[in-house]
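What follows is a short report on a single structure.
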Amino acid sequence: MILVAGHCCPDDVYHVVKYPDEDSTVGSRTEHNRCTKQSWERGGNASNNATVLSCLGASVEYFGTLADDNLLQFLQADMDSLGIKRENCPIIQCGTGPISVVICSEETGSRTIVHAKGNLPELTVDDLEKLDISKYSWIHFEGRNEASLPAMLTRIKEYNSTHSKTESLQQCANDLKPNYQKAKIPVSIEVEKHRESLAVLLPLADVVLVGKDFAMLQGAKDCIEAAKIISTKVEPGTVVVCPWGDQGASYCIARSNPADVDVKKQDAYVPDKIIDSLGAGDTFNSTVIYCLYKGMDIGTSVDLGCRIASEKLKIRGFKGIK
Ligand code: FRU
């Protein structure tokens, strides 16, 4: 089973014919710019990852704090409808939970998110300690909680160092296999947000999925440069994947000598018409994780990540992704 830890929030989604002008009103029957659909969706990067992983056929558990407010049941029921486990989620009375308002433009395919954090606290190391982590065969973290995540990631590293996957772990310590293939519980992390402080997470995972905002903050101008730069900030043997929107994605395995790093690039499959781009990045990341988890090679995993992200762009929501 795959455990996905991070954020879940309700998304209040509006599909409009074109992105509104500032200080205008968009109604269902307005002539020059209409709202064609409104829906409530379960969002948040980790929660979206769990959705896509379940659509792809993985058994998956979501792990994150949930606010005990009037949208809790909606979020829980939506997870249940997809068979996403959630029994270890701390439910917290915090007054105001997080929420996003999303405007999806039919004209350009853009999705504009306004997110209000609310008062919901993040997961703590104690929450992780309560889990029986031996149940999981992959753990993915959304990189958002730099106060507690280093300790959580270290906890799993310690578990892995005392529970070797094979008797020959010592023997293969120096071979060219990526680290996730040697770990009992491989750990992936998404580092996406425009926040320098997230850099502390990079050396603590076996697979890092680094978004454009964070990579640009590190000085990268394109995805090839991004993978090169990030590969110097992780442990040798870490898989680095850098999705770059309609430019596709780059990937490499970090080496102790940066000159040995061989960065590859995969083009995106951009559809003729984008119906809904909300969560396309989450779809890419989930697919890459699923494929690596299933034992596919890194190039195939990134290619499938781009293909499934493209399929997602052609439909509203995630249901129907495969
Ligand atoms: C999409 C998303 C939305 C959510 C927002 C939170 O990637 O996860 O579902 O509202 O980002 O940052």
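The values are calculated or read from the model by the stated rules, or taken from the named source; none is laboratory data. All values reported here derive from a predicted model rather than from experimental measurement. Note that we place each Cβ from the backbone using ideal geometry, even for glycine, and neighbour counts take in every protein chain shown. For the accessible areas, the whole protein counts, side chains as well, though only heavy atoms, and no ligand, DNA or RNA atoms are used. Shrake-Rupley method; radii C 1.70, N 1.55, O 1.52, S 1.80 Å.
Among (1) in a helix (DSSP H, G or I); (2) at pLDDT below 95; (3) open to solvent by less than 60 Å² (accessible area, probe 1.4 Å), there is one condition Lys193 misses while meeting the rest; what is its number? Checking Lys193 against (1) in a helix (DSSP H, G or I); (2) at pLDDT below 95; (3) open to solvent by less than 60 Å² (accessible area, probe 1.4 Å), the one that fails is (1).
Of the helices (runs of 4 or more DSSP H) lying entirely inside segment 57-171, those containing at least 1 residues that are open to solvent by 10 Å² or more (accessible area, probe 1.4 Å), charged (D, E, K, R) and within 23 Å of Gly43 (Cα to Cα) are 72-81, 125-129. Pairing residues of segment 29-57 that are farther than 27 Å from Gly83 by Cα with residues that are at pLDDT 95 or above and among the aliphatic types (A, V, I, L, M), at Cβ distances under 6 Å and at least 6 apart in sequence or on separate chains, gives Asn33/Val17; Arg34/Val17; Cys35/Val16. Restricting attention to segment 13-26, which residues are open to solvent by 20 Å² or more (accessible area, probe 1.4 Å) and within 14 Å of the ligand (Cβ to nearest atom)? Matches in segment 13-26: Tyr14 only.
Taken together, the residues in segment 27-47 that are more than 16 Å from the ligand (Cβ to nearest atom) and polar (S, T, N, Q) amount to 4.
When segment 226-244 is filtered for residues that are outside any loop (DSSP other than H, G, I, E, B) and open to solvent by 60 Å² or more (accessible area, probe 1.4 Å), only Lys228 remains.
There is at least one residue in segment 211-218 that is away from the ligand (no atom under 16 Å from the Cβ), without any contact (Cβ under 8 Å) to a residue 40 or more places away in the chain, within 18 Å of Val191 (Cα to Cα) and touching a Cys at 6+ places or on another chain (Cβ under 7 Å).
Can you find even one residue in segment 80-100 that is among the small types (Gly, Ala, Ser), without any contact (Cβ under 8 Å) to a residue 12 or more places away in the chain and away from the ligand (no atom under 12 Å from the Cβ)? Yes, segment 80-100 contains at least one residue that is among the small types (Gly, Ala, Ser), without any contact (Cβ under 8 Å) to a residue 12 or more places away in the chain and away from the ligand (no atom under 12 Å from the Cβ). Of all the criteria given as (1) within 15 Å of the ligand (Cβ to nearest atom); (2) surrounded by fewer than 21 Cβ atoms within 10 Å (Cβ to Cβ); (3) assigned to a helix (DSSP H, G or I), the one not satisfied by Gly299 is (1).
Inside segment 1-11, can you point out the residues that are buried (at least 17 other Cβ atoms within 10 Å of the Cβ) and either more than 9 Å from the ligand (Cβ to nearest atom) or not in a strand (DSSP E or B) (or both)? Scanning segment 1-11 gives Ile2, Leu3, Val4, Ala5, Gly6, His7, Cys8. Filtering segment 275-292 for residues that are more than 16 Å from the ligand (Cβ to nearest atom), open to solvent by less than 70 Å² (accessible area, probe 1.4 Å) and outside any helix (DSSP H, G or I) leaves an empty set. The C-beta contact set for segment 294-309 (first residue free of Cβ contacts under 8 Å to residues at least 24 places away in the same chain, second residue open to solvent by 60 Å² or more (accessible area, probe 1.4 Å), distance under 7 angstrom, 6+ apart or interchain) is empty.
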